[in-house]
């Protein structure tokens, strides 16, 4: 039985497929901004927000796939108490990168595994990244060469490409930075016989 991935992220799907996991992708139609705004107003920690979004996606999709394991995933970026979302356009991408330049930030990736109405498992992991103090010329070249794909990522970067040149220090798991703490996910999938032990 294949895993249902409740995420529209091509990167997450590719990571799972390349690791040998049979998946079916089903995107949950949820209003992430409303959920984030509500949880922020309640003073909920960023880790719990990422987890809540992952669980909401998984639950929404699980209702369409009775008896199947559904994995929801989400990622949040926090810099000095502020949260950055995926940029809406290239102007916002530039503004996000200017805000991150020369500073450290944190990425939190959360996953929740659901079967029917039951939350089976969840896991959150974080990574700390420091952007170098790159020049405006580099920034403009980066935006020109990496649009529009960077608009699909929080922070307007993808570490697996030219985005690696934005950084001078990274502390954390590479898979977590890409948006999915892959090794704990694989361990959980083995436990439920979704992949070979």
> Among 132, 101, 190, which is farther than 20 Å from residue 12 by Cα, out of contact with any helix residue (DSSP H, G or I) (no Cβ under 6 Å at 6 or more places or on another chain) and surrounded by fewer than 16 Cβ atoms within 10 Å (Cβ to Cβ)?
Replying inline: 132
> What is the number of the single condition among (1) closer than 30 Å to residue 59 by Cβ; (2) out of contact with any strand residue (DSSP E or B) (no Cβ under 8 Å at 6 or more places or on another chain); (3) in a loop (DSSP other than H, G, I, E, B) that residue 92 does not meet?
Replying inline: (3)
>> Please count how many residues of the range 132-153 are touching a strand residue (DSSP E or B) at 6+ places or on another chain (Cβ under 6 Å) and free of Cβ contacts under 8 Å to residues at least 12 places away in the same chain.
In response: 0
> Can you name the residue in the range 60-73 that is under 18 Å from the mean Cα position of the chain (by Cα) and touching a residue at least 60 places away in the same chain (Cβ under 8 Å) and is also farthest from residue 180 (Cα to Cα) among such residues?
Replying inline: 70
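Taking the conditions exactly as written (out of contact with any helix residue (DSSP H, G or I) (no Cβ under 6 Å at 6 or more places or on another chain), surrounded by fewer than 17 Cβ atoms within 10 Å (Cβ to Cβ) and more than 22 Å from residue 59 (Cα to Cα)), does residue 120 satisfy them or not?
Judged against the criteria, residue 120 is not a match.
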>> Condition (residue is touching a residue at least 24 places away in the same chain (Cβ under 8 Å), within 15 Å of residue 178 (Cβ to Cβ) and surrounded by 14 or more Cβ atoms within 10 Å (Cβ to Cβ)) applied to the range 27-38: is it met by at least one residue?
In response: no
> Quick check: anything in the range 83-96 surrounded by fewer than 23 Cβ atoms within 10 Å (Cβ to Cβ) and farther than 24 Å from residue 150 by Cβ?
Replying inline: no
> Of these, 49, 11, which one is part of a helix (DSSP H, G or I), under 17 Å from the mean Cα position of the chain (by Cα) and modelled with pLDDT under 95?
Replying inline: 11
>> Of everything in the range 53-64, what is over 19 Å from residue 127 (Cα atoms) and part of a helix (DSSP H, G or I)? Give them in sequence order.
In response: 55, 56, 57, 58, 59, 60, 61, 62
> So how many residues does the range 45-72 have that are under 12 Å from residue 110 (Cα atoms), in contact with a helix residue (DSSP H, G or I) (Cβ under 7 Å, 6 or more places away or on another chain) and buried (at least 23 other Cβ atoms within 10 Å of the Cβ)?
Replying inline: 4
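The values are calculated or read from the model by the stated rules, or taken from the named source; none is laboratory data. Not measured: the values here are computed from a predicted model. Positions of Cβ are generated from backbone atoms using ideal geometry, with glycine treated the same way; all protein chains shown enter the neighbour counts.
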